[in-house]
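Notes follow once the structure below has been shown.
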Amino acid sequence: MTGLDKILAQIKADTDFTCADIKKKAEAQCTDILNSAHAEADKIRKNSETEAKDREAEILKRAESAAQLQRRSVMLSAKQEIISSSIDSALNYFCNLPQEEYFEMLYSMVAKYSEPSEGEILVSAKDFSRLPKDFNDIVSKSAKGTLSVSEETADIKGGFILKYGGIEVNCALESIFLAENERFSDTVSRILFEKRRSL
């Protein structure tokens, strides 16, 4: 099982637990709404048997509709929370890859995002303190232009920032995740919820 498979398995386990808990709470709220409606209907029935049946049916119909709306609202809110949490977990996973895998990822990103000109690469303070000895050489080979490692560090979780004169190319992992948030959200939603519906 790869690292990504492990994080997806953990996210699925967390999701299953959270969904069960949320469903239990939503069902309890729906039961409360329906019980309250039944109590109101009983009260009306005692006051006037004739008119009670019509009003009872109307009250129960409204209560069931309110319960369904509440259930949908709770589940939607929970899904959004789970998706957001899953994306945060994925970001943390990439930021905390084993050192060799992490820097291999950075070299690939340099090849993808660098410009064919002279610039600097800024990494986080954490990454700066653990740069591999050959980091500068590999970055130079990976870059489309010429890049040197800046002594200045960037206030980012992971990834890097490229500086070309006054122009910055933000390749911080959190910025990439933010830019791709909608696509990631759709992907996570498909993985976690569409498969669940088909089971």
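Each value in this text was obtained by applying a stated rule to the coordinates, not by laboratory testing. The model shown is predicted, which means the values in this text are computed figures rather than measured ones. Neighbour counts run over all protein chains shown; Cβ positions are idealised from the backbone, glycine included.
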**Request:** Check cross-link reach from LYS25 to the aspartates and glutamates: straight Cα distance under 17 Å, and skip same-chain residues fewer than eight apart.
**Result:** ASP14, ASP16, GLU64, GLU81
**Asked** With each pseudo-label sitting 7 Å past Cα toward Cβ, what's the MET75-SER108 distance in nm, one decimal?
**Response** 3.6 nm
**Request:** With 29 Å as the limit, write out which pairs from LYS79/LYS112; LYS112/LYS157; LYS79/LYS126; LYS24/LYS157 have Cα-Cα distances beyond it, or answer none.
**Result:** LYS79/LYS112; LYS79/LYS126; LYS24/LYS157
**Ranked list, fewest to most other Cβ atoms within 10 Å of each Cβ, for ILE22, ILE156** = ILE22, ILE156
**Request:** Would you mind putting 145-151, 159-165 in packing order, based on average other-beta-carbon counts within 10 Å, highest first?
**Result:** 159-165, 145-151
**Item:** Full-extension gain in nm, LEU60 to LEU131, via 0.36 nm per residue minus C-alpha separation
**Value:** 18.9 nm
